[in-house]
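To keep things clear, I will list the structure first and then write my remarks on it.
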């Protein structure tokens with residue numbers, strides 16, 4: 001038994017309400033423990049019960065548990081609590097076993113709240129105990145009598161439980177210590193709980209009375225929020241019970257309150273500071289571990305994104321993101337915390353095997369589950385190491401520096417691999433992945449992961465910082481984590497924020513990369529040379545604010561300069577943010593911080609996905625809110641640091657750390673310079689068939705660069721574009737420079753490998769799904785448009801002027817809004833009609849129009865005002881992709897099947913410039929009519945590649961016009977050919 005325990009037992013004056021009588025004989029303590037561990041057990045058991053049921057239910061019976069009496073998937077997409085915990089085996093059994101384990105800690109929790117509250121108000125304590133006991137039994141009622149078993153009794157117990165929650169929360173909060181964090185926390189949690197009942201009732205009425213599709217899923221969000229808040233209210237007891245010692249003695253049970261002076265050890269052991277620093281080898285290992293961590297974390301949202309893409313809405317798989325903040329909760333369990341601190345290679349190795357090794361799993365859903373497990377251990381590894389090294393200030397400071405250096409390493413290697421992380425689980429050998437090498441390096445680094453070692457030659461801190469707030473600390477870390485992942489994880493992200501088209505007046509992913517990487521390096525060096533105390537000053541944070549504002553408001557080089565300032569600011573704050581969270585319970589502070597990170601990450605998705613998510617209108621196109629909120633959250637961390645600054649032992653940055661960091665950063669900068677020389681174009685671009693005087697234009701909706709099997713698809717896209725000899729191509733759904741896209745840009749691979757100019761289209765801060773133009777001909781100028789979209793998703797367009805064989809030709813790439821928003825699409829058609837009609841040059845429209853041939857808005861696009869012609873108005877089997885043109889000579893048109901690259905075919909058309917004679921003497925019918933010509937009559941240099949005839953190559957073939965016989969049949973069989981061609985064109 002510890003000295004502290006002996007003192008607690010012996011301290012007669014501090015005993016509170018012993019449950020058994022005492023005698024004059026000396027009592028022998030059989031067992032003692034701190035009451036906070038009961039609160040831990042209660043929280044872990046309860047959360048495990050609900051979350052495990054939800055995860056297992058979504059995994060095994062997703063479509064069944066989201067179905068209700070009115071609607072099923074996809075109208076409903078998220079299960080209610082009752083459906084998740086009570087409808088199916090094995091999740092029902094798993095939940096009931098875990099919730100049964102909660103019963104013991106639950107009744108002890110009621111008892112300890114009574115013991116703590118009795119001295120402050122005996123009547124209130126007794127009332128709280130009675131209401132708590134009855135409330136616990138009503139909980140058993142709705143838990144074990146599910147809505148499937150008996151809907152009426154399930155609802156009766158549920159309503160009684162909610163009603164009894166009122167006296168329970170009010171009484172327990174009133175009995176909490178005055179002006180304490182516990183009292184404020186319980187009050188806020190209780191108010192939030194009851195506030196959540198309002199939207200809960202509203203959406204239940206929408207579901208039950210108005211029978212509104214999707215209402216029950218939104219209702220379920222608030223229902224699950226109530227569960228989290230309900231358990232969260234009782235979890236505050238962890239702090240409240242911190243000074244309550246339970247002693248099992250030979251005479252019975254006694255409770256002792258530990259004086260605050262004995263809760264913390266106030267001595268600090270300080271000898272030589274040399275051993276309290278990482279060696280260069282250990283620093284490099286930490287950088288590699290950070291690289292692996294960021295590779296795993298950034299891949300999770302990218303792989304989650306695959307599922308709503310293919311389900312065209314929320315899929316249920318999105319729930320796996322909770323693992324980011326749920327997994328650190330395991331560290332509140334002392335034995336597990338000790339395990340991961342003592343053997344850090346365990347979590348690191350499991351993170352590598354799950355997160356990086358997931359590429360070996362073929363099925364997308366199984367691969368996502370594997371990545372989720374890897375992400376859980378990556379979070380555990382980070383939090384446990386932060387906790388352990390927080391006791392050694394110099395190592396703690398160095399660890400923060402290595403963490404940012406590891407993030408920079410991912411950015412440099414993405415720069416090398418055209419913005420793809422080569423060890424992501426969406427990569428493999430066929431598309432340029434280095435997965436096997438990544439696993440090997442990651443496991444080696446995991447094995448050599450430094451661990452906490454204390455000896456007579458180390459500087460260790462055993463004091464706990466005072467002041468500040470765990471909420472401020474969590475806000476700061478959550479906002480910082482989101483910001484560095486969003487803005488610093490790829491060297492081209494912020495360059496594309498400032499991109500406005502041709503002529504180039506700002507950075508490109510190549511010309512801006514070194515500036516971005518250098519900014520992060522400068523920030524890291526500042527974090528070493530300048531103390532966190534200085535970096536917490538108003539001046540420095542004002543500089544960061546100005547950088548963010550300039551980044552948001554301006555474009556081209558001015559906006560990019562602001563992004564560089566903001567990058568320096570973010571990179572410099574790592575040690576400060578680290579120190580702001582040190583000293584708190586790691587499981588609690590980091591779970592809350594990462595929960596806030598997930599919330600703002602979802603907000604950054606909502607700003608562009610507003611048309612497909614609940615309450616999307618709240619954040620529609622509000623990048624300013626997301627950027628401003630993340631910055632304000634960082635300021636909370638800065639404030640918390642300042643509030644605790646006097647009680648924090650901050651290591652003075654050493655020359656040794658500076659040399660270590662400078663060595664690693666110099667290598668990364670040198671590699672970046674070499675990559676720039678390697679990637680910078682060294683020769684002019686040429687079209688595929690310049691001798692023919694023709695050019696081929698294409699349109700393709702590429703589904704964000706993920707193929708049907710969840711592999712990164714840009715290399716397959718590149719190969720098809722090359723084989724089809726496409727000189728000019730519009731790519732739609734191309735903006736992947738956000739968290740759900742992995743902060744990558746797949747057009748870089750295609751453009752640089754094929755030798756093409758690129759207009760990336762409206763940047764990631766313009767809230768579109770993206771439109772890009774790639775051309776082998778010089779782009780003289782371009783303008784980006786956001787077409788009218790009062791209701792639905794924004795419709796991006798690029799209007800570019802190209803120099804094609806010495807003549808200026810306009811090309812417009814356009815993605816219309818979704819089918820449901822009729823008025824949006826009408827307004828957009830008028831906008832594009834005006835752009836095309838005002839052009840005095842030859843023009844090609846490469847578009848995704850969401851209309852049927854010859855109907856509706858089609859007649860706006862193809863009209864006298866636009867002066868545009870359809871490449872083939874008889875091709876009835878089109879719904880979205882269209883190629884229109886004017887003042888050019890049509891040579892040919894084809895549709896090439898997609899294989900498994902995306903969900904949309906590649907459409908291509910071949911054109912020639914008109915001669916002066918053709919402009920004057922040829923009729924529109926000759927130039928633009930749908931006259932079919934036998935392939936034998938076409939010059940060989942003007943024909944489409946023959947490799948796509950018949951069965952084609954790699955799953956790509958011509959369809960609709962897949963055989964030359966159609967041309968002959970057109971002449972011989974007349975209208976019969978149209979029926980045959982219509983049947984065979986169905987894909």
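Tell me which residues, restricted to segment 900-913, are surrounded by 19 or more Cβ atoms within 10 Å (Cβ to Cβ), over 25 Å from residue 841 (Cβ atoms) and touching a strand residue (DSSP E or B) at 6+ places or on another chain (Cβ under 7 Å). Show your work before the answer.
Keep residues of segment 900-913 that are surrounded by 19 or more Cβ atoms within 10 Å (Cβ to Cβ), which gives 901-902, 905-911.
Add one more test, that the residue is over 25 Å from residue 841 (Cβ atoms), and what stays is 901-902, 905-906.
Passing the criteria: 902, 905, 906.
Only residues that are more than 28 Å from the chain's Cα centre (by Cα) and within 15 Å of residue 286 (Cα to Cα): list them for segment 665-684, please.
Once the filter is applied, which keeps residues that are more than 28 Å from the chain's Cα centre (by Cα) and within 15 Å of residue 286 (Cα to Cα), segment 665-684 yields nothing.
In segment 109-209, which helices (runs of 4 or more DSSP H) lie fully inside it and hold 3 or more residues that are at pLDDT below 80, out of contact with any strand residue (DSSP E or B) (no Cβ under 6 Å at 6 or more places or on another chain) and within 22 Å of residue 84 (Cα to Cα)?
Details: elements: 122-144, 151-174, 181-208.
The helices (runs of 4 or more DSSP H) meeting that bar are 122-144, 151-174.
All but one of (1) touching a helix residue (DSSP H, G or I) at 6+ places or on another chain (Cβ under 8 Å); (2) assigned to a helix (DSSP H, G or I); (3) surrounded by fewer than 20 Cβ atoms within 10 Å (Cβ to Cβ) hold for residue 539; state the number of the condition that does not hold.
It is condition (1) that residue 539 fails.
Return the residues of segment 702-721 that are over 16 Å from residue 745 (Cα atoms) and in contact with a helix residue (DSSP H, G or I) (Cβ under 6 Å, 6 or more places away or on another chain); say none if nothing qualifies.
Residues of segment 702-721 that are over 16 Å from residue 745 (Cα atoms), as a first pass: 708-710, 719-721.
If the condition is that a residue be over 16 Å from residue 745 (Cα atoms) and in contact with a helix residue (DSSP H, G or I) (Cβ under 6 Å, 6 or more places away or on another chain), then 710 is the only one that fits.
Return the pairs, sorted by first residue and then second, in which the second residue is in a loop (DSSP other than H, G, I, E, B), the first residue lies in segment 385-398 and is over 18 Å from residue 576 (Cβ atoms), the beta carbons are less than 6 Å apart, and the residues are 6+ apart or on different chains.
Filtered contacts from segment 385-398: 388/452; 391/461.
Working only within segment 714-732, note down all residues that are surrounded by fewer than 24 Cβ atoms within 10 Å (Cβ to Cβ), assigned to a loop (DSSP other than H, G, I, E, B) and either on the phi < 0 side of the Ramachandran plot or not assigned by TED's automatic domain parsing to the domain that holds residue 912 (or both).
If the condition is that a residue be surrounded by fewer than 24 Cβ atoms within 10 Å (Cβ to Cβ), assigned to a loop (DSSP other than H, G, I, E, B) and either on the phi < 0 side of the Ramachandran plot or not assigned by TED's automatic domain parsing to the domain that holds residue 912 (or both), then 724 is the only one that fits.
Given the options 333, 356, 371, name the one that is outside the structural domain of residue 37 (by TED's automatic domain parsing) and more than 24 Å from residue 428 (Cβ to Cβ). Step through it out loud before you land on a result.
On the way: 356 fails: more than 24 Å from residue 428 (Cβ to Cβ); 371 fails: more than 24 Å from residue 428 (Cβ to Cβ).
Step by step, each of 333, 356, 371 is checked, and only 333 is outside the structural domain of residue 37 (by TED's automatic domain parsing) and more than 24 Å from residue 428 (Cβ to Cβ).
Test residue 693 against the stated conditions and say whether it is in contact with a strand residue (DSSP E or B) (Cβ under 8 Å, 6 or more places away or on another chain) and either surrounded by 13 or more Cβ atoms within 10 Å (Cβ to Cβ) or under 30 Å from residue 911 (Cα atoms) (or both).
Details: in contact with a strand residue (DSSP E or B) (Cβ under 8 Å, 6 or more places away or on another chain): yes; either surrounded by 13 or more Cβ atoms within 10 Å (Cβ to Cβ) or under 30 Å from residue 911 (Cα atoms) (or both): yes.
Judged against the criteria, residue 693 is a match.
Exactly one condition in (1) within 22 Å of the chain's Cα centre (by Cα); (2) assigned to a helix (DSSP H, G or I) is false for residue 735; which is it?
(2)
Is it true that residue 774 is surrounded by fewer than 24 Cβ atoms within 10 Å (Cβ to Cβ) and either in a loop (DSSP other than H, G, I, E, B) or touching a residue at least 24 places away in the same chain (Cβ under 8 Å) (or both)? I'd like the intermediate steps shown before the answer.
Details: surrounded by fewer than 24 Cβ atoms within 10 Å (Cβ to Cβ): no; either in a loop (DSSP other than H, G, I, E, B) or touching a residue at least 24 places away in the same chain (Cβ under 8 Å) (or both): yes.
For residue 774, the condition - surrounded by fewer than 24 Cβ atoms within 10 Å (Cβ to Cβ) and either in a loop (DSSP other than H, G, I, E, B) or touching a residue at least 24 places away in the same chain (Cβ under 8 Å) (or both) - is not met.
With segment 546-632 as the region, which helices (runs of 4 or more DSSP H) entirely inside it contain at least 2 residues that are without any contact (Cβ under 8 Å) to a residue 40 or more places away in the chain and over 21 Å from the mean Cα position of the chain (by Cα)? Break it down into steps so the answer makes sense when it comes.
On the way: elements: 556-572, 574-581, 586-609.
Here the list reads 556-572.
Condition (residue is at pLDDT 80 or above, touching a helix residue (DSSP H, G or I) at 6+ places or on another chain (Cβ under 6 Å) and crowded, with 21+ Cβ neighbours inside 10 Å) applied to segment 245-255: is it met by at least one residue? First the steps, then the outcome.
Start the filter on segment 245-255 by keeping residues that are at pLDDT 80 or above, which leaves none.
Taking every residue of segment 245-255 in turn, none turns out to be at pLDDT 80 or above, touching a helix residue (DSSP H, G or I) at 6+ places or on another chain (Cβ under 6 Å) and crowded, with 21+ Cβ neighbours inside 10 Å.
Please pick out the residue among 171, 111, 94 that is free of Cβ contacts under 8 Å to residues at least 40 places away in the same chain and crowded, with 17+ Cβ neighbours inside 10 Å. Break it down into steps so the answer makes sense when it comes.
Working: 171 fails: free of Cβ contacts under 8 Å to residues at least 40 places away in the same chain; 94 fails: free of Cβ contacts under 8 Å to residues at least 40 places away in the same chain.
Of the residues listed, the single one that is free of Cβ contacts under 8 Å to residues at least 40 places away in the same chain and crowded, with 17+ Cβ neighbours inside 10 Å is 111.
Only one of 728, 675 is over 30 Å from residue 368 (Cβ atoms) and touching a helix residue (DSSP H, G or I) at 6+ places or on another chain (Cβ under 9 Å); which?
Working: 728 fails: touching a helix residue (DSSP H, G or I) at 6+ places or on another chain (Cβ under 9 Å).
Exactly one residue qualifies, and that residue is 675.
Being surrounded by fewer than 23 Cβ atoms within 10 Å (Cβ to Cβ), touching a helix residue (DSSP H, G or I) at 6+ places or on another chain (Cβ under 8 Å) and in a loop (DSSP other than H, G, I, E, B) is the filter here, so list the residues in segment 512-536 that pass it.
If the condition is that a residue be surrounded by fewer than 23 Cβ atoms within 10 Å (Cβ to Cβ), touching a helix residue (DSSP H, G or I) at 6+ places or on another chain (Cβ under 8 Å) and in a loop (DSSP other than H, G, I, E, B), then 530, 536 are the ones that fit.
The values are calculated or read from the model by the stated rules, or taken from the named source; none is laboratory data. Quick caveat: nothing in here was measured; it's all calculated off a predicted structure. A quick note on method: Cβ atoms are made from the backbone with ideal geometry, for glycine too, and the neighbour counts reach across all protein chains shown.
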